[in-house]
1. So which of Ala117, Ala32, Ala96 is over 15 Å from the mean Cα position of the chain (by Cα) and at pLDDT 95 or above?
2. State yes or no: is Val139 within 16 Å of Leu13 (Cα to Cα), touching a Phe, Trp or Tyr at 6+ places or on another chain (Cβ under 8 Å) and surrounded by 14 or more Cβ atoms within 10 Å (Cβ to Cβ)?
3. I need a count of the residues in the range 114-144 that are in contact with a strand residue (DSSP E or B) (Cβ under 6 Å, 6 or more places away or on another chain), assigned to a helix (DSSP H, G or I) and in contact (Cβ under 8 Å) with a residue 24 or more places away in the chain.
4. Test Leu64 against the criterion of being within 16 Å of His191 (Cα to Cα), of a type outside the set (Ser, Thr, Tyr) and not in a strand (DSSP E or B), and give yes or no.
5. Condition check: surrounded by 14 or more Cβ atoms within 10 Å (Cβ to Cβ), touching a residue at least 24 places away in the same chain (Cβ under 8 Å), more than 24 Å from Leu212 (Cα to Cα) and β-branched (Val, Ile, Thr). Does Ile57 satisfy that?
6. Kindly check whether there is at least one residue in the range 198-206 that is surrounded by fewer than 13 Cβ atoms within 10 Å (Cβ to Cβ), assigned by TED's automatic domain parsing to the domain that holds Phe91 and at pLDDT below 95.
7. Report whether or not Asp99 is exposed (fewer than 15 other Cβ atoms within 10 Å of the Cβ), touching a residue at least 60 places away in the same chain (Cβ under 8 Å) and in the same structural domain as Ile41 (by TED's automatic domain parsing).
8. Name the single residue that is modelled with the highest pLDDT among those in the range 167-197 being of a type in the set (Lys, Arg) and in a loop (DSSP other than H, G, I, E, B).
Amino acid sequence: MNLDLYARCEHLLGIEDVTEFLHDSYAQTLSAYEVGSVLDIGCGRGGLMERMEQEGIKSKGIDLSGVMVDAAREKGLDVEHKDICEVEGQFDAAVAVFDVLNFMDHDALERFLACVAKVLKPDGLFIADINTLHGFANVAEGTMNAEDDEHFLSVDAVYSDDELRTIFTLFTQQDDGRFTKEQDMITQYFHPLKSFRKKSALKLIKNENISLYDTKDKTLLVFKRV
């Protein structure tokens, strides 16, 4: 999956408002617990980290996209280009915002959750969100086009066999007027809620359906390290 391609076209997707809504949901959830430090997994450009820092919560971010890491570092945030299983130290909480878990198949998700548990302090929290079946089959599937002065983006998403396959095609105008083309497919995986109920190191203590684009298209999950 070309995460840097996604990072370069993210501004064309029109997700600013729903991202802010998700950040509000995470901030409200964190405020219900005594949290002094948070690891933001897949932190992107660091929007949630900025908010946590303003509220006095020490934050560290990681992301697998070098483009995202550079953008977050330009804001003065503590962000590294690394995998969750490479992180050292422990935190009061960890978060994974906006479909992070859906980008992993079953085996990758099991590895991911095991590594999340290791970076949490005893009774530490892990908060994440996943797409519901309705969110995948009835909301995410479809096509869209967007453009600005220098870019044209085409997105084509098809949901089948518990997988959402999305083809991103980005055309970028160069200084000489010609356009370069980049294309890649991103696969996301549907994970039913029951698959999170029996984890050896993380206990699901809360789940709440929320609506971004349509009714109950996403579920917010809260785990505690056991």
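The values are calculated or read from the model by the stated rules, or taken from the named source; none is laboratory data. Owing to the predicted nature of the structure, the values given are computational and were not obtained by experimental measurement. We place every Cβ from the backbone using ideal geometry, glycine too, and count neighbours over all the protein chains shown.
1. Only one candidate qualifies: Ala117.
2. Yes, satisfied.
3. Residues flagged as in contact with a strand residue (DSSP E or B) (Cβ under 6 Å, 6 or more places away or on another chain), assigned to a helix (DSSP H, G or I) and in contact (Cβ under 8 Å) with a residue 24 or more places away in the chain within the range 114-144 amount to 5.
4. Here the answer is no, as Leu64 does not meet what is asked.
5. Considered against the rule, which asks whether it is surrounded by 14 or more Cβ atoms within 10 Å (Cβ to Cβ), touching a residue at least 24 places away in the same chain (Cβ under 8 Å), more than 24 Å from Leu212 (Cα to Cα) and β-branched (Val, Ile, Thr), Ile57 comes out as yes.
6. Here is the first cut: in the range 198-206, the ones surrounded by fewer than 13 Cβ atoms within 10 Å (Cβ to Cβ) are 198, 200, 205.
Next, only the ones that are assigned by TED's automatic domain parsing to the domain that holds Phe91 stay: 198, 200, 205.
If we keep only those that are at pLDDT below 95 as well, we get 198, 200.
Yes: one or more hits.
7. Details: exposed (fewer than 15 other Cβ atoms within 10 Å of the Cβ): no; touching a residue at least 60 places away in the same chain (Cβ under 8 Å): yes; in the same structural domain as Ile41 (by TED's automatic domain parsing): yes.
No: the conditions fail for Asp99.
8. Residues of the range 167-197 of a type in the set (Lys, Arg): 178, 181, 194, 197.
Still in the running and in a loop (DSSP other than H, G, I, E, B): 178, 197.
Numbers: Arg178: 94, Arg197: 89.
Taking the candidates together, the pick is Arg178.
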